[in-house]
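Notes for the one structure printed next.
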Amino acid sequence: MYRINIVGAGNVAYRMALFLQGAGHSVECVYARDIEKADKVVRALKRTRSNAIATTDISTLPQADITIIAVSDNAIASVASQLPHKSAFTVHTSGATPMSVLQEAGLQNTGVFYPLMTLSMNKDLDVGLVPFLIEASAPEGIEILRNITTSIKAEYKVCDSTKRLQFHTAAIFTTNFLNYSLSLAYDIASPDFTLLLPSAIESIRKAFLNTPAVSQTGPARRGDTNTIEKHKKILSEEKFREHLQVYEFLTDKIFKKYNPDK
């Protein structure tokens with residue numbers, strides 16, 4: 001088991017601390033600029049026995065086997081440069097930030113421990129469902145991250161910063177863009193939006209089982225212009241202007257992909 005420092009007190013830091021302590025690791029210290037936020041993480045840890053302490057003085061971070069930086073992307077470099085133990089194994093949790101940022105900040109033994117899922121302190125999550133993308137500047141670092149992911153019973157994939165950024169970009173389509181599409185559907189189907197839940201779940205299931213290309217259905221896929229015009233008429237109301245723009249754009253892309261001769 002490892003001694004761990006957590007730098008940050010937001011959603012990722014909070015969940016990461018609980019995941020790690022739950023697997024038997026010892027969270028030594030939680031640093032944040034706001035002592036109330038750091039204390040919130042420590043209080044959560046102490047519900048299941050912990051000697052963790054909170055601090056707003058980054059220079060007081062104790063020696064540990066691994067320090068996990070879980071702050072906003074634009075704060076990683078600044079925080080990393082202030083860490084007191086330059087040779088200690090230190091990782092960040094960002095999907096879009098290269099590992100080299102830590103090395104440029106003066107750290108010698110670096111890595112990345114990126115959870116490929118949105119984490120929230122307000123919602124419990126089975127860590128076994130979270131895939132981690134890991135990277136390290138030395139084989140010893142990879143071994144530590146492998147041991148940690150195994151201990152929390154999570155999946156992992158070793159990949160470099162470029163590949164991790166590709167995954168991060170892809171996840172925007174499966175989370176942020178998908179949620180935006182659902183928000184449009186919510187408006188159109190309101191107040192009975194929940195009736196769409198079974199079809200939404202089935203679409204996701206089929207896409208991952210059979211590939212999205214094989215699973216694509218709908219009027220644009222089969223070139224049904226008559227149905228497409230009916231949909232556009234429904235969306236021509238003033239309150240659905242944004243929805244119509246998105247419908248026309250996506251319909252055009254799907255139609256041309258599957259009906260190149262029409």
Would you check which residues across the stretch 163-179 are of a type in the set (Ser, Thr, Tyr), over 22 Å from VAL101 (Cβ atoms) and in a helix (DSSP H, G or I) and list them? THR174
Are any residues in the stretch 1-25 aliphatic (A, V, I, L, M), open to solvent by less than 40 Å² (accessible area, probe 1.4 Å) and in a helix (DSSP H, G or I), and if so, which ones? ALA13, MET16, ALA17, LEU20
Scan (1) at pLDDT below 95; (2) open to solvent by less than 60 Å² (accessible area, probe 1.4 Å) for the single condition ASN51 breaks and write down its number. (2)
How about the stretch 146-162: which of its residues are under 12 Å from PRO115 (Cα atoms) and part of a helix (DSSP H, G or I)? THR149
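For (1) within 22 Å of THR110 (Cβ to Cβ); (2) free of Cβ contacts under 8 Å to residues at least 60 places away in the same chain; (3) basic (Lys, Arg); (4) in contact with a helix residue (DSSP H, G or I) (Cβ under 9 Å, 6 or more places away or on another chain), each residue gets a yes or a no:
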{"position": "LEU145", "(1), (2), (3), (4)": "yes, yes, no, no"}
{"position": "GLN166", "(1), (2), (3), (4)": "yes, yes, no, no"}
{"position": "PHE173", "(1), (2), (3), (4)": "no, yes, no, no"}
{"position": "LEU195", "(1), (2), (3), (4)": "no, yes, no, yes"}
Among the listed residues THR169, THR162, THR211, THR150, which satisfies the condition of being loosely packed, with under 15 Cβ neighbours inside 10 Å and closer than 27 Å to MET1 by Cα? THR150
Residues within the stretch 28-41 that are within 20 Å of GLN82 (Cβ to Cβ) and not in a loop (DSSP other than H, G, I, E, B), tallied: 8
What number of residues in the stretch 42-82 are in a helix (DSSP H, G or I) and out of contact with any Asp or Glu (no Cβ under 8 Å at 6 or more places or on another chain)? 17
I need the full set of residues from the stretch 211-243 which are assigned to a helix (DSSP H, G or I), under 30 Å from the mean Cα position of the chain (by Cα) and in contact (Cβ under 8 Å) with a residue 12 or more places away in the chain, in order please. SER215, GLU242, HIS243
Can ILE188 be described as modelled with pLDDT of 95 or more, hydrophobic (A, V, I, L, M, F, W, C) and closer than 21 Å to GLU248 by Cα? yes
Looking at this structure, is VAL79 of a type in the set (Val, Ile, Thr), open to solvent by 30 Å² or more (accessible area, probe 1.4 Å), within 23 Å of the chain's Cα centre (by Cα) and within 21 Å of ALA136 (Cβ to Cβ)? no
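The values are calculated or read from the model by the stated rules, or taken from the named source; none is laboratory data. Because the structure is predicted, anything quoted here is derived from the model rather than measured. With ideal geometry, Cβ positions are generated from the backbone for all residues, glycine too; neighbour counts draw on all protein chains shown. Accessible surface areas use protein heavy atoms only, side chains included; no ligands, DNA or RNA. Shrake-Rupley method; radii C 1.70, N 1.55, O 1.52, S 1.80 Å.
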